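The values are calculated or read from the model by the stated rules, or taken from the named source; none is laboratory data. These numbers were taken from a predicted model, which means no experiment stands behind them. As a convention, Cβ positions derive from the backbone with ideal geometry for all residues, glycine included, and neighbour counts pool all protein chains shown. Ligands, DNA and RNA are stripped out before the accessible areas are found, and what is left, the full protein with its side chains, is counted by its heavy atoms. Shrake-Rupley method; radii C 1.70, N 1.55, O 1.52, S 1.80 Å.
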Amino acid sequence: MTGTTSRLVLPRYLQEQDGQRTPVAFDGYRSTGLRAPLRTPVDLPHRLTEITGPVLGEDRVTAGDADLTLRAGGEAQGQRIIVFGRVLDSGGRPVPGALLEIWQANAAGRYRHVVDNWPAPLDPHFDGLGRVVTDSLGRYEFTTVKPGAYPWGNHHNAWRPAHIHFSLFGQAFTQRLVTQMYFPDDPLFGQDPIFNAIPPAARHRAVAGFDLGRTQPDWALAFEWDIVLRGTEQTPFETDDDGDVA
Ligand SMILES: [Fe+2]
């Protein structure tokens with residue numbers, strides 16, 4: 001190779017730090033005892049396929065998908081909230097074009113799901129599903145209702161703190177994150193093994209912040225939550241130095 005030949009340099013994923021990763025098995029979270037992998041995860045090498053394959057097209061996402069309060073011709077019951085934030089990579093840079101999908105219980109704490117049959121009411125105008133693609137600055141925003149707590153049978157009198165499930169795809173399928181967003185000062189944190197499986201130093205990152213400035217007067221409260229995807233140290237680019245070769 002000469003010094004003037006352009007070559008594609010692949011991004012490198014940062015290794016997760018010890019003490020920051022939520023364990024796959026956690027004593028208090030009973031089902032992890034049956035489902036968690038028994039062997040140490042293997043970090044796969046990162047090759048060209050992972051960053052150049054097709055990702056999800058945003059043409060399948062409509063503006064209405066980000067508003068969970070208007071479904072089936074009516075308005076959902078509950079405390080209307082705006083959930084917003086940015087998707088960032090591990091270098092702190094915005095991730096545009098990331099697909100966010102959320103699912104959550106309704107205001108009474110019940111999912112519209114065949115196996116959720118605890119005696120809380122379903123809402124005919126709330127399905128609990130939303131999705132949006134981040135804009136050029138990595139921003140996202142949902143309009144929804146605050147989910148209720150629900151019992152889940154993990155231990156005696158077990159209740160999940162209010163939470164919203166998030167799935168994120170970044171700019172490659174290897175940039176995937178499935179997580180949960182919590183609300184500040186939830187009195188149920190102390191007895192929830194899923195929340196407490198997160199290492200203490202990282203728990204605050206799973207909790208949204210209330211933002212009075214982003215509330216909409218006479219309309220909705222607002223919560224901000226930034227999400228950091230497993231990211232890249234650098235984006236792919238053409239170079240003429242002696243970096244890694246695709
Ligand atoms: Fe849940």
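For segment 135-175, how many residues meet the condition of being of a type in the set (K, R) and more than 13 Å from the ligand (Cβ to nearest atom)? Final tally of qualifying residues: 2.
Taken over segment 64-110, the criterion of being within 16 Å of the ligand (Cβ to nearest atom) and more than 13 Å from the chain's Cα centre (by Cα) is satisfied by L68, G78, A105, N106, A107, A108, G109, R110. For D18, the conditions (1) part of a loop (DSSP other than H, G, I, E, B); (2) out of contact with any helix residue (DSSP H, G or I) (no Cβ under 8 Å at 6 or more places or on another chain); (3) modelled with pLDDT of 85 or more all hold with the exception of (3).
Given the structure, is H113 without any contact (Cβ under 8 Å) to a residue 24 or more places away in the chain and either basic (K, R) or within 16 Å of the ligand (Cβ to nearest atom) (or both)? The answer is yes for H113. Could you list, in sequence order, the residues of segment 116-128 that are surrounded by 16 or more Cβ atoms within 10 Å (Cβ to Cβ), hydrophobic (A, V, I, L, M, F, W, C) and within 14 Å of the ligand (Cβ to nearest atom)? Within segment 116-128, A120 is the sole residue that qualifies. Scanning segment 176-202 for residues that are within 16 Å of the ligand (Cβ to nearest atom) and charged (D, E, K, R), we see that the one that is least open to solvent (accessible area, probe 1.4 Å) is D192.
Listed here are the residues, each with its yes/no results for (1) more than 24 Å from V95 (Cα to Cα); (2) modelled with pLDDT of 95 or more; (3) not basic (K, R).
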| site | (1), (2), (3) |
| --- | --- |
| P124 | yes, yes, yes |
| L129 | no, yes, yes |
| V145 | yes, yes, yes |
| H156 | yes, yes, yes |
| G170 | no, no, yes |
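Would it be correct to say that F210 is within 16 Å of the ligand (Cβ to nearest atom) and at pLDDT 95 or above?
When the stated conditions are applied, F210 does not pass them.
Could you please tell me which pairs satisfy a Cβ distance under 6 Å, a separation of 6+ or placement on different chains, a first residue in segment 66-93 that is hydroxyl-bearing (S, T, Y), and a second residue that is open to solvent by 50 Å² or more (accessible area, probe 1.4 Å) and in a loop (DSSP other than H, G, I, E, B)? Filtered contacts from segment 66-93: S90/L14.
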